[in-house]
Amino acid sequence: MIVSEHQTYNLPGFGLVRIRLFPNALAVFRFLEQYEHVSRLRFIDQLGPIKDILPGAHHTRYEYLMAQLSLISELCQLQGPLPSGLSLGTHRSTFGEIPGQPKPPSNGEILMVLALLGNMGHLPTTFSGERALLKYLRDT
């Protein structure tokens, strides 16, 4: 569980990754963790049937989230704007403010929050189970 701004995580296949959650993203992370939404991701197997073909292989939704947050953290450390002209350190007042946070979120924080929220709604079987559920709903 991430409880501070800086976190390291041993990501299988990549090794130790460093994650820096900015204040607004950390506030959202803590809010989600308060209701155990982030912890739940540790038990969602991302591989589906592949794990039956490759015994011992595993990749949880939590690990996927840590990879996303690590990549965003790395991108935020780049100096100057990205090739597209976008700067991840620029603060966006158009997104509003989180109560208790001193500044509006930066572009990097917005990406982190999107990664957090984008991973929250998955069922335990992720895409294969969700696809089966949608097929079931469509066929009934």
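Summary table below
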| quantity | calculated |
| --- | --- |
| With every protein chain in place, the chain: carbon and sulfur % of accessible area (1.4 Å) | 62 |
| Candidates 85, 121, 15, ranked by Gaussian network fluctuation over the chain, Cα under 10 Å, top entry | 85 |
| Histogram of C-alpha separations across segment 90-140, 5 Å bin width, % | 4, 18, 15, 16, 10, 8, 10, 11, 6, 1 |
| Kirkwood-based Rg to Rh ratio, segment 1-51, C-alpha trace | 1.03 |
| The chain - accessible surface per residue (Å², probe 1.4 Å) | 63 |
| Expected 222 nm ellipticity per residue - DSSP helices of 4 or more, -39500 (n - 2.57), all of the chain, to 500 | -13500 deg cm²/dmol |
| Along the chain, longest interval not containing exposed chymotrypsin sites (Phe, Trp or Tyr not before Pro), exposed being DSSP loop plus at most 16 other Cβ atoms within 10 Å | 36-140 |
| Ratio Rg/Rh, restricted to the chain and using Cα atoms, in which Rh is the Kirkwood radius | 1.02 |
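The values are calculated or read from the model by the stated rules, or taken from the named source; none is laboratory data. Bear in mind the structure is a predicted one, so any value in this text is a computation, not a measurement. Cβ atoms come from the backbone with ideal geometry, glycine included; neighbour counts cover every protein chain shown. These area figures cover heavy atoms from the full protein model, side chains too; ligands, DNA and RNA do not enter into them. Shrake-Rupley method; radii C 1.70, N 1.55, O 1.52, S 1.80 Å.
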